[in-house]
Amino acid sequence: MKVVYTDKAPAAIGPYSQAMILNGVLFTSGQIPVDPATGEISGDTIEVQAEQVMKNLGEVLKEAGSSFENAVKTTCFLADMGDFAKFNEVYAKYFVNKPARSCVAVKTLPKNVLCEVEVIAAVD
């Protein structure tokens, strides 16, 4: 197993890694909309927060030698299923290959953010 870390995405806020690679497969931890430069939550709308989540995931994917195009499965967590359509608009710009996906609403996310996304992807 190989630990993946980049300072271009938020550092883990608990006892876990940003991502791990095992046998050519990348497993990311969930990314929330924290700006890695400031440590602050980006925006207060689902669109702004989802964009930051995708930027963070993009940096982790890049560091691991992968990309959005290599994603095979995502899990998306929303604080409010009423944000589903707006979240999908942002999500669709990044995951153009339409990987398998689960999307669920949860009671609360870390730091009370509106969304969190994790990815399983092939490594080039």
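Some observations on this one:
- Computed on the Cα atoms alone, the convex hull of the chain gives a volume of 92 cubic angstrom per residue.
- The chain, relative contact order in percent, only Cα pairs under 8 angstrom and at least six apart counted: 33 percent
- Taking the C-alpha atoms only, the angle from helix 84-94 to the longest principal axis of the chain is near 30 degrees.
- Ordering of 90-103, 69-82 by packing [mean C-beta count within 10 Å, highest first]: 69-82, 90-103
- Of the residues 104, 39, 26, the one whose Cα sits farthest towards the positive end of the charge dipole of the chain is 26 (charges of +1 on Lys and Arg Cβ, -1 on Asp and Glu Cβ, taken about the Cα centre).
Every number here is computed from the coordinates shown, using simple stated rules; none is lab data. As the structure is a prediction and not an experimental result, all values here were calculated from the model. Every residue, glycine as well, gets a Cβ built from its backbone with ideal geometry; the counts of neighbours run over all protein chains shown.
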